[in-house]
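A short worksheet on the structure shown next.
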Amino acid sequence: MRVQLLGAGTILLQVIEAAKILETEYEVAADVWSAPGLCELRHDIEAVQRYNRLHPGEQPRQSHVEKCFANY
């Protein structure tokens, strides 16, 4: 099993520590992602969702987050 952990700002240190705990105590591997612009990511997600709703006949767009996690 492999999990994806996101952190921003000062909480990133706790996310890194959580990844270590998951690995050592629970044998669960974790990838740590730094997401410094959470508000920007949210705006991107909302804009893509809106576009997809308004253009149902076109190829759906993907947000940056969806593109990053497409292989997980």
About the Cα centre, charge dipole magnitude for the chain (Lys/Arg +1, Asp/Glu -1 at Cβ), debye: 320 debye
Taking the mean number of other Cβ atoms within 10 Å as a proxy for protection, how do you rank 20-29, 51-60 from highest to lowest? 20-29, 51-60
Amide H contacts under 5 Å for residue 33, restricted to residues at least 5 apart in sequence or on another chain and with H modeled in the peptide plane, are 5, 6, 7
Given a Förster distance of 25 angstrom, what is the FRET efficiency for residue 24 paired with residue 72, based on the Cβ-Cβ distance and rounded to 0.05? 0.70
Under 5 Å, built H, 5+ apart or other chain: amide partners of residue 62: none
Once the Cα atoms of helix 38-54 and of the chain are each reduced to a long axis, what angle between those two axes, in degrees from 0 to 90 to the nearest 10, is obtained? 30 degrees
Taking all protein chains as present, what is the carbon and sulfur share of the accessible area of the chain, in % to the nearest whole number, probe 1.4 Å? 56 percent
Which labelled figure in (i) -0.82; (ii) -0.70; (iii) -0.92 is log10 I(q)/I(0) by the Debye sum over Cα atoms at q = 0.19 Å⁻¹, once derived from the coordinates: (i)
Given a 1.4 Å probe, the accessible area of the chain per residue, as a whole number of Å², is 79 Å²
List, in order, the whole-Hz ³J(HN,Hα) value for each residue of the range 2-7 obtained from phi through the Karplus relation with A = 6.51, B = -1.76, C = 1.60 and θ = phi - 60°; use x for Gly and Pro. 9, 10, 10, 10, 10, x
To the nearest 10 degrees, how steeply does helix 12-26 sit against the main Cα axis of the chain, on a 0 to 90 scale? 60 degrees
Formal net charge of residues neighbouring residue 52 (Cβ-Cβ distance under 13 Å; K, R +1; D, E -1): -1
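The values are calculated or read from the model by the stated rules, or taken from the named source; none is laboratory data. Quick caveat: nothing in here was measured; it's all calculated off a predicted structure. So basically every Cβ, Gly included, is an ideal-geometry build from the backbone, and we count neighbours across all protein chains shown. Each accessible area value is taken on the protein alone, full model and side chains, heavy atoms only, with ligands, DNA and RNA left out. Shrake-Rupley method; radii C 1.70, N 1.55, O 1.52, S 1.80 Å.
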